[in-house]
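Here the structure is laid out as structure tokens; the discussion comes afterwards.
The values are calculated or read from the model by the stated rules, or taken from the named source; none is laboratory data. The shown structure was predicted, so the numbers you read here are calculated from the model rather than taken from an experiment. Virtual Cβ from ideal backbone geometry, glycine too; neighbours counted across all protein chains shown. Calculation scope for accessible area: heavy atoms of the full protein, side chains included, ligands and nucleic acids excluded. Shrake-Rupley method; radii C 1.70, N 1.55, O 1.52, S 1.80 Å.
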Number of protein chains: 2
Amino acid sequence: MKSDIEIAHEAKLKKISEIADSLNIPEKYVEPYGKYIAKIDHKILDTLKNKNDGKLILVTAITPTPAGEGKTTTSIGLSMALNKLGKNSIVTLREPSLGPVFGIKGGAAGGGYSQVLPMENINLHFTGDIHAVTAAHNLLSAVIDAHIKFGNELKIDPTKVYWKRAIDMNDRALRNIVIALGGSANGHPREEGFIITAASEIMAILCLAKDLKDLKKKISNIVVAQTYDKKLVKVKDLNVQGAMAALLKDAINPNLVQTIENTPAFIHGGPFANIAHGTNSIIATKIALKLSDYVVTEAGFAADLGAEKFLDFVSPIAGFNVNAVVLVATIKALKYHGGVKKDELSKENVEAMLKGMGNLFVHYENLKKYNVPVIVALNVFDTDTEKELNQFSKYCKVPHAFVRAFEKGSKGAEELAKLIIENAKENCATPLINSNMSIKEKIEILAKEIYRAGNVIYTDKAKAKLKFLEKHGYSNLPVIVAKTQASISDDPKKLNAPSDYAFTIRDFELSAGAGFVVALAGDIMRMPGLSRIPNAVNIDIDDDGNIVGLS
Amino acid sequence: MKSDIEIAHEAKLKKISEIADSLNIPEKYVEPYGKYIAKIDHKILDTLKNKNDGKLILVTAITPTPAGEGKTTTSIGLSMALNKLGKNSIVTLREPSLGPVFGIKGGAAGGGYSQVLPMENINLHFTGDIHAVTAAHNLLSAVIDAHIKFGNELKIDPTKVYWKRAIDMNDRALRNIVIALGGSANGHPREEGFIITAASEIMAILCLAKDLKDLKKKISNIVVAQTYDKKLVKVKDLNVQGAMAALLKDAINPNLVQTIENTPAFIHGGPFANIAHGTNSIIATKIALKLSDYVVTEAGFAADLGAEKFLDFVSPIAGFNVNAVVLVATIKALKYHGGVKKDELSKENVEAMLKGMGNLFVHYENLKKYNVPVIVALNVFDTDTEKELNQFSKYCKVPHAFVRAFEKGSKGAEELAKLIIENAKENCATPLINSNMSIKEKIEILAKEIYRAGNVIYTDKAKAKLKFLEKHGYSNLPVIVAKTQASISDDPKKLNAPSDYAFTIRDFELSAGAGFVVALAGDIMRMPGLSRIPNAVNIDIDDDGNIVGLS
């Protein structure tokens, strides 16, 4: 089969103005970025208030494995198939970060015959949203250190600055650094670090904001540091929320592109699904719901991370109705959960596959607790044998479809699309978490109902931080659990369907601007590193501007 | 008078497609970025080969003072006035860096009735060129540290990494840092620093490159470090020139915008004028020369920095004919050079002004050595008295015009435009520097002919570095002198017309990719800091997206 970039180059793209026209978006709301990308002014929402929303289909997956699940490919394929079946559908996705593009993955715009285009632009800079988030983030950092240097009127304790700098790059050398060395002209030396921009609270805020006003308000509430007398310092104390929001004036507007089959796609924002909520901007999904019958959206990592956060946190605050959930699995991943080593995943092994279906069933059962139709999408690979696929069908008693969107585009996702049309119901999913609960009550429910733990343990550090949150009035915020994506549990080594173990909360972090508390149940990497041979060495551009090495 | 941003908002902009049409740019070369900005594919140059170049007018200034000279305003006004007089003219300028926007200046898109628009976009992100340079720059940094961590096959000496990281922000706390702390998982600890992106060699390369091929070649030749056995490590040894060039695939294309009077403007690239060559991209100026009768371009800082580099370095390698030079001065600046304190510059003081004209005459005389017509543009301020202006005219025996472009737009620059049309000659300026000379010979000429020194002193460090350059085969590169912009000399305190002093070269730095050696004649700030009350606190955006605080 051809490479992703070869397939992309063979696609005949429509002008983005045609795509916008097909959605009846008035020209005044369309800002072209080249011929095939446009930003859609988020103010269009005001004009669409009285329109009914389309149905919202959330795509999630079983616990990820080194083999890859193809969630994005499935989302794109499903949306294309819905269009083919005569339903207007838009797919909404997150923007790729440069870190993974140069690190391992080489891109994040789908694959094969199920891509969003132009993939080179989407993977490299796109419309600059992530750079804008980085700039707003680092303006705040520069202002904090300048404040400390010039008299420190707010009495910021330099050992209690919570706001780390950000960069959109996999750069492990910036994880732990010491800044402001070289004398007083350079400021007050202190420990510091960089996080990758996808992990920035600004990214979370951009994706949660309703509009510019809400964006600025959320930014102004970010807690950046503590003072010597233990008061919290917010962005509004430094008075740069206006400048930061000004830097985001274009980034707040969703990016319209098209799939390889010329159906519309919004790609906007990209927060992590562990320390943040892990899905594209609420604004993009809201606009898409007004403009189409079916919106297919994707949440990060597995159902216990991205989907849980979407159903318990994003949907309630955005007012979304999730009408169906697609749970993506692969034969290889099931075998991995069934105990097969990474190198042997291509060999037939029905027994291991059936054993690994335990992971699928836990996620399925979890999702059903939200009172929503769940369809299993088995993403078929070349290496899957007929026997494996037959046995999968036999033992998977719940609604499921085989998907071959990578290989066949919409045609490979028609079966899934038909199941979605049949099953997506009018009623919306109901959250498991009640917003009135305390932080501990919320965690208790997630740990038992979703992560299948027997009990929850809090470290001393976590207990102290809980008191800190209570003291400062943050004990009623929604909880975002940051834990490994490699297991349903808090231990990356526990594959398949662990249960009845002790779930440990080690610390809490406050995202007061974004409006949630992060409960840390493990080491969460906020700054990845490049690998020994990074994908950057495979990327090249010829004299005519043709790029290779992206996928 | 109204604020810059108020004036900007009252302007009636034409669609950028109309501006492109007026220049006969075929649609296939026009990539719109919103309604009022477009990138012009640099490959258009191939189609314009056989067209004659227009005349090139270089705008420079006397030695800058805290009062500001208005070089950009004069450049824009002059270009608008040339258009008004029936000559097709394009102004080409550098892109503003976010550092100064949030630091002191609040913007760099001209002022008053002599602006390039849309000023909010130009000042904030624009088309993302500077972010692209930052990303390419920092990808290289991440790859260097990853290489050292993973076995260090090239034997890079971590204490001899020349390539610092970059950020487009005034952030003094990042000048001197220690990275990769926290254990071996984070790499090999070493001293490091960030420079502002305008000071990045990638920025210089972007502005010097002929095309994508040349860009990649120049990037591959950047020297990033030295090995334990004293060999130089280049980007091509790390094999990321392709990925870095891919990140710059759009940044290489010039940005077309319009002035407040709807005349075309290219704004593209922004290297410093001390440690680099200090003018917009060669590609932008080349395209502009093919598309118009008169191109007005601006070089950074005063005539001894930007103009010297333009005439001795940029023009020869780009093949430019500079047909006339505009030397901008103000009454206030002349008084400052005549010894008046900053706070008293608004008071009439003919005597000090006449004394300060010494600075003007030195720059004038210097520029005449290039065998080029020089027109003095006196940028008139409200506070200038009639007596001062009359006396200026009386004592300025060389061709000069009063300019009121800030207040009156093209009308305020008509007199200057007429002088340019009369005086711009067919012959091109001739460089003072002969490319066959040694580094020392080149510096000798500049020190004596331009900086008016009596002799040149080399520190021991500079002598050792000269040997290093010779050893590695770089002794024939062009020389870029990095010195204070506040004086013709190497001492910022020597105002007006110093002469016959000792000019000291303290060190050399190699920009092997950009193709020059920097001779350091002073402390050159490569990372500015925010001020006590940065302009960021004045910038705001309202609920409808209207921005205030930019100028």
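General observations
- Test: residue in segment A:143-157 that is hydrophobic (A, V, I, L, M, F, W, C) and in a loop (DSSP other than H, G, I, E, B): yes
- The set of residues in segment B:351-407 that are in contact with a helix residue (DSSP H, G or I) (Cβ under 7 Å, 6 or more places away or on another chain) and free of Cβ contacts under 8 Å to residues at least 24 places away in the same chain contains only B:Ala352.
- Of the criteria (1) assigned to a helix (DSSP H, G or I); (2) within 13 Å of another protein chain (Cβ to nearest Cβ); (3) among the hydroxyl-bearing types (Ser, Thr, Tyr), which one B:Ser75 fails: (2)
- Each residue in segment B:10-68 was checked for being among the hydrophobic types (A, V, I, L, M, F, W, C), open to solvent by less than 20 Å² (accessible area, probe 1.4 Å) and part of a loop (DSSP other than H, G, I, E, B), and 4 of them qualify.
- Total residues in segment B:117-161, condition of a type in the set (A, V, I, L, M) and within 18 Å of A:Ala132 (Cα to Cα): 9
- Count of segment B:90-129 residues which are basic (Lys, Arg) and crowded, with 23+ Cβ neighbours inside 10 Å: 1
- In the set B:Ala243, B:Ala225, only one residue is within 29 Å of A:Ile122 (Cβ to Cβ) and open to solvent by less than 10 Å² (accessible area, probe 1.4 Å); that residue is B:Ala243.
- For B:Lys442, the test of being open to solvent by 80 Å² or more (accessible area, probe 1.4 Å) and of a type in the set (D, E, K, R) is failed.
- Scope segment B:354-368; condition out of contact with any Gly (no Cβ under 6 Å at 6 or more places or on another chain) and open to solvent by less than 70 Å² (accessible area, probe 1.4 Å); matching residues: B:Leu354, B:Met357, B:Gly358, B:Asn359, B:Leu360, B:Val362, B:His363, B:Tyr364, B:Asn366, B:Leu367
Every residue, every condition in (1) more than 9 Å from chain A (Cβ to nearest Cβ); (2) touching a helix residue (DSSP H, G or I) at 6+ places or on another chain (Cβ under 7 Å), yes or no:
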| position | (1), (2) |
| --- | --- |
| B:Gly86 | yes, no |
| B:Ser89 | yes, yes |
| B:Pro100 | yes, no |
| B:Ala109 | yes, yes |
| B:Ser114 | yes, yes |
| B:Leu124 | no, yes |
| B:His131 | no, yes |
| B:Thr134 | no, yes |
| B:His137 | yes, yes |
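Listed here are the residues, each with its yes/no results for (1) closer than 28 Å to B:Ile524 by Cα; (2) touching a helix residue (DSSP H, G or I) at 6+ places or on another chain (Cβ under 9 Å); (3) basic (Lys, Arg); (4) not assigned by TED's automatic domain parsing to the domain that holds B:Leu85.
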| site | (1), (2), (3), (4) |
| --- | --- |
| B:Ala173 | yes, yes, no, yes |
| B:Asn176 | yes, yes, no, yes |
| B:Ile196 | yes, yes, no, yes |
| B:Leu208 | yes, yes, no, yes |
| B:Asp214 | no, yes, no, yes |
| B:Lys217 | yes, yes, yes, yes |
| B:Thr227 | yes, no, no, yes |
| B:Lys234 | yes, yes, yes, yes |
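- A:Val314 being among the aliphatic types (A, V, I, L, M), in contact with a Leu (Cβ under 9 Å, 6 or more places away or on another chain), not in a helix (DSSP H, G or I) and not assigned by TED's automatic domain parsing to the domain that holds A:Asp214: no
- Segment B:174-191 - residue that is under 19 Å from B:Gly529 (Cα atoms) and assigned to a loop (DSSP other than H, G, I, E, B) and, of those, farthest from the other protein chains (Cβ to nearest Cβ): B:Arg175
- Some residue of segment A:222-244 being more than 24 Å from A:Leu154 (Cα to Cα) and more than 14 Å from chain B (Cβ to nearest Cβ): no
- Residues of segment B:503-551 satisfying the condition of being assigned to a strand (DSSP E or B), among the polar types (S, T, N, Q) and either within 13 Å of chain A (Cβ to nearest Cβ) or farther than 22 Å from B:Thr134 by Cα (or both): B:Thr504
- Qualifying residue in segment B:25-34 (condition: away from chain A (no Cβ under 14 Å) and not hydroxyl-bearing (Ser, Thr, Tyr)): yes
- Tally, over segment B:395-424, of residues that are out of contact with any Lys or Arg (no Cβ under 9 Å at 6 or more places or on another chain), outside any helix (DSSP H, G or I) and either open to solvent by 80 Å² or more (accessible area, probe 1.4 Å) or of a type in the set (D, E, K, R) (or both): 1
- Answer residue from segment B:200-221, given it is open to solvent by 10 Å² or more (accessible area, probe 1.4 Å) and within 29 Å of B:Phe150 (Cα to Cα) and is nearest to the other protein chains (Cβ to nearest Cβ) among those: B:Lys216
- Residue that is surrounded by the fewest Cβ atoms within 10 Å (Cβ to Cβ) [pool: residues in segment B:268-313 that are out of contact with any Lys or Arg (no Cβ under 6 Å at 6 or more places or on another chain) and basic (Lys, Arg)]: B:Lys286
- Flag if B:Val403 is of a type in the set (Val, Ile, Thr) and touching a Ser or Thr at 6+ places or on another chain (Cβ under 6 Å): yes
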